[in-house]
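The values are calculated or read from the model by the stated rules, or taken from the named source; none is laboratory data. These numbers come from a predicted model, not from an experiment. Reconstructed Cβ throughout: ideal geometry from the backbone, glycine too, with neighbour counts over all protein chains shown.
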Amino acid sequence: MITSKLPNVGTTIFTTMSQLAAETGAINLSQGFPDFDGPDELREALARAVMAGHNQYAPMAGLPALREQVALKIQSLYQRQVSADSEVTITPGATQAIFCAIHAVIRTGDEVIVFDPCYDSYEPAVELAGGVCIHQPLSQPNFSIDWQKLADAITPRTRMIVLNTPHNPSGALIDRADLERLAALIRDRDIYLLSDEVYEHLVFDGHEHVSVLRHEELYQRAFVISSFGKTYHVTGWKTGYVVAPPALTAELRKVHQYVSFTGVTPLQWALAEFMEAHPEHVRELPGFYQAKRDLFCDLLSGSRFGVSRAAGTYFQLADYSAIRPDLDDVAMAQWLTREHGVASIPISVFYQSPPADLRLVRFCFAKREETLRQAAARLCAI
C-alpha cells in the first residue's frame, strides 16, 4: 500500500476546467494561457537555434547570454545591478523555481506564511520540504494584506513569507508602503521571502510594478521569481528564472541541479536573442494587455456580472451574486461551462478556508479579440 506524501492533492482545478471546456465545447477562459502565439521573431529564433545545433545541455545555471539579458532588464526596469553569474538562475518554468526556492531553505517543522487566495503550487512544495503553510486571508474587497493579522501569525518557527504581485487570482498589487511595512515587521527575524512576480509586466492604469528587487533590505533575504512564458506569450515553453543574492542562489542551485539540472537549451538561445533585439517588448506589454482587459470589461458591462477592473495579471474576477447566489463558485463555474459555454475558475480553490459568501469566478482575458467577444456575448445572455 502506498501512503501518499500529498494526501490532499488531486487533479488541479485548471486541468479539471480545461477538460470540461474541451468536453463541452465551451470557450476556455479558465486556465491562464493565451490563445494566440508568441512573436514571430521569437519562434523563428527557436527554429534557428535548433537547426544551428544548440540541442545539448546548457550550463546548470542557464545559458550565460540569457542570464545576462535578465540582468540587463533588471538594471533597466528596477535600477538594481545583479550578477548574471551569481544571482540569476534559469529554470524549466516558474513553478519549478518556486519548488527549488522553498526546498533550498525550508526544513521539517518550519512555517511558511501564504496569503489566501494563493496559487496552488506553494503548499505542496512546502509540505514536501517538511514545512507547514500558515494561511492568512487577504482583506476583501481589495485583496490587501491585513498587517496586524500578519504580525500575529509570525512565530519563532516562521521561516518564509510568500508574496505574489501582481496577484493571481485577484490582480491586486503591492505598493511601496507595503514593502516598507514588511521590512519593518521582519527586520530582526530569520525569515526569507519568496516573491512570485511572474506577471511583473502586466500592470495597468499607469501603476508601477513594485518589485522586491527595488527594495535593498528585502532583496537580501529574497528569491524573486518570474516567467518568460507569461512575458512572451509562450507558456508551453515552461521557462522561468530566479533572482536572489549570491548566498541564496548557491543554495537554490544545489536543489535545482538535482531536480532538472538545466532548462531546455534552444529555448534559452531563442529568448536571449529576442530579448537583446527587442527590449521594448516588456515595456509594451502593459498597454497590450490593458486593451484586452478594457475590451472584456466593457463587453461585460452589459451583463449581470459585477466587475471591478483588475489592476494587474491577465485575469479578471467577476461577481455573480446577481445571477446565481444559490450556487457556490465551484458549482457556478461548472454551470457556466455546461449551460452557457464559457469556462472559468472558481476562487474558493485558492483558499484553505474560503469565505462562505464568496461569489467570484476568474476569467482569463489573454485571448484574441474574437474569443473575448464570443465569450462576453454568451455571458451577457445569461
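Each residue in segment 154-167 was checked for being more than 16 Å from A125 (Cβ to Cβ) and in contact with a Cys (Cβ under 9 Å, 6 or more places away or on another chain), and 1 of them qualify.
With D205, D190, D196, D146 as the choices, which residue is over 26 Å from L360 (Cβ atoms), at pLDDT 95 or above and of a type in the set (D, E)?
Values: D205 fails: over 26 Å from L360 (Cβ atoms); D196 fails: over 26 Å from L360 (Cβ atoms); D146 fails: over 26 Å from L360 (Cβ atoms).
Selected residue: D190, the only one of D205, D190, D196, D146 that is over 26 Å from L360 (Cβ atoms), at pLDDT 95 or above and of a type in the set (D, E).
Applying the selection to segment 60-73, what residues are in contact with a helix residue (DSSP H, G or I) (Cβ under 6 Å, 6 or more places away or on another chain), surrounded by 18 or more Cβ atoms within 10 Å (Cβ to Cβ) and within 17 Å of H278 (Cβ to Cβ)? Across segment 60-73, the qualifying residues are L66, Q69. All of Q56, Q136, Q140, Q31 fail the test of being of a type in the set (S, T, N, Q), buried (at least 16 other Cβ atoms within 10 Å of the Cβ) and farther than 30 Å from Q374 by Cβ, apart from Q136.
For segment 12-42, enumerate the residues that are of a type in the set (D, E, K, R), in a helix (DSSP H, G or I) and in contact with a helix residue (DSSP H, G or I) (Cβ under 8 Å, 6 or more places away or on another chain). Full working, then the answer.
Step one: of segment 12-42, the residues of a type in the set (D, E, K, R) are 23, 35, 37, 40-41.
Applying the additional criterion that residues be in a helix (DSSP H, G or I) yields 23, 40-41.
The answer is E41, and nothing else.
All conditions but one from (1) touching a residue at least 12 places away in the same chain (Cβ under 8 Å); (2) surrounded by 16 or more Cβ atoms within 10 Å (Cβ to Cβ) apply to T16; the one that does not is (1). Among residues of segment 330-342 that are within 18 Å of D319 (Cβ to Cβ), those with a beta-carbon under 8 Å from a residue that is basic (K, R) at least six positions away or on a different chain give the pairs M332/R324; M332/R359; W335/R324; H340/R378; V342/R378.
Of the residues that make up segment 82-95, is at least one under 22 Å from the mean Cα position of the chain (by Cα), part of a helix (DSSP H, G or I) and either on the phi < 0 side of the Ramachandran plot or not assigned by TED's automatic domain parsing to the domain that holds V361 (or both)? Within segment 82-95, one or more residues are under 22 Å from the mean Cα position of the chain (by Cα), part of a helix (DSSP H, G or I) and either on the phi < 0 side of the Ramachandran plot or not assigned by TED's automatic domain parsing to the domain that holds V361 (or both).
Only one residue in A172, A183 is under 27 Å from R309 (Cβ atoms) and assigned by TED's automatic domain parsing to the domain that holds E251, so which one is that? From the options A172, A183, the qualifying one is A172.
Can F115 be described as under 30 Å from P266 (Cβ atoms), surrounded by 19 or more Cβ atoms within 10 Å (Cβ to Cβ) and in contact (Cβ under 8 Å) with a residue 40 or more places away in the chain? For F115, the condition - under 30 Å from P266 (Cβ atoms), surrounded by 19 or more Cβ atoms within 10 Å (Cβ to Cβ) and in contact (Cβ under 8 Å) with a residue 40 or more places away in the chain - is not met.
Identify, from the list V330, V361, the residue that is modelled with pLDDT of 95 or more, assigned by TED's automatic domain parsing to the domain that holds S18 and assigned to a strand (DSSP E or B). So that I can check it myself, show each step before the final result.
Numbers: V330 fails: assigned to a strand (DSSP E or B).
Result of the check over V330, V361: V361.
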